[in-house]
1. Assigning unit charges at the beta carbon (Lys, Arg +1; Asp, Glu -1) and nothing else, what dipole magnitude in debye, to the nearest 20, does the chain show about its Cα centre?
2. Work from the charge dipole of the chain (Cβ charges, +1 for Lys and Arg, -1 for Asp and Glu, about the Cα centre) and give the residue of GLY166, ASN104, ALA184 farthest towards its positive end.
3. Whole Å is fine, so just give me how far the alpha carbon centre of region 146-197 lies from that of region 60-111.
4. From the phi of every residue in region 99-116, what ³J(HN,Hα) in whole Hz does the Karplus formula 6.51 cos²θ - 1.76 cosθ + 1.60 yield, where θ is phi - 60° and glycine or proline is x?
5. Using θ = phi - 60° and the Karplus relation 6.51 cos²θ - 1.76 cosθ + 1.60, list the HN-Hα couplings for region 72-87 in order, rounded to whole Hz, with x at every Gly or Pro.
6. Excluding GLY70 itself, what net charge comes from residues whose Cβ is under 15 Å from its Cβ, given Lys and Arg +1 and Asp and Glu -1?
7. How large, in percent, is the carbon and sulfur part of the accessible surface of region 92-131 at a probe radius of 1.4 Å?
8. If I model a spin label as a point 7 Å beyond the Cα along the Cα-Cβ vector, how far apart are those points for SER58 and THR127 in nm?
Amino acid sequence: VLGTNLSMSGTTLNAGGGVVTVKRQVFTASGTYTPSAGMLYCDVEVVGGGGGGGGSASASNPAAGGGAGGYGKELVTAATIGASQTVTIGAAGAGGGTPGAGSNGGTTSLGAIISATGGTGGGTASTGISLGGAGGTCSGGDANGTGEPGGYSNGEGTTKVSGAGGSSIYGGGGNSVITSTNSAATGFGAGGGGGIA
């Protein structure tokens, strides 16, 4: 959760004849958001946890990628924030077993104001193609976005390939692979890549 406080003290910006200080708080673990004194508005961004990539039992049965978490942004007034708000950070989904679907990412929220669900874990199949996890969604924001879905895996044909994880606004999903286990995401909210054993 990213929060930018705007208060009427300091000398950072000149806005409409008033002096505005811009402060930023970034939460990567659950906690409490307490606004700075004099805060007028808070520009909040949230992203749900990425879904875990599916696990594979054999090279003939690669697994699919996990979906990225939903994303949202909202401009919130001091009156809506009040004295403080609970910040909940959705955990990343875990990669699947051998075989097994990846687990879903958790939901990230700022109180009851804005909430982004996690991406769905990537699937696994005994033969053929397995489906990537769906992207998470967001509600309550001025802008609500759906996370990118995970890529499907292809166990048909000569070259077997796992599915890539869905990318988020903060980074890429895990890579699609042909010879290794699950590939981790590289950014908050992105999905893990599917595995191949």
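1. 220
2. ALA184
3. Cα centres, region 146-197 to region 60-111: 17 Å.
4. Couplings: x, x, 6, x, 8, 6, x, x, 8, 10, 8, 10, x, 9, 7, 8, 8, 10 Hz.
5. x, 9, 8, 8, 10, 7, 4, 4, 5, 5, x, 5, 6, 9, 6, 9
6. -3
7. On region 92-131, the fraction of accessible area on carbon and sulfur atoms equals 57 percent.
8. 1.1
The values are calculated or read from the model by the stated rules, or taken from the named source; none is laboratory data. Keep in mind it's a predicted model, so treat the numbers as computed, not measured. Cβ: placed from backbone, ideal geometry, glycine included. Neighbour counts: every protein chain shown. Quick note on the areas: whole protein, heavy atoms, side chains included, nothing else; ligands and nucleic acids left out. Shrake-Rupley method; radii C 1.70, N 1.55, O 1.52, S 1.80 Å.
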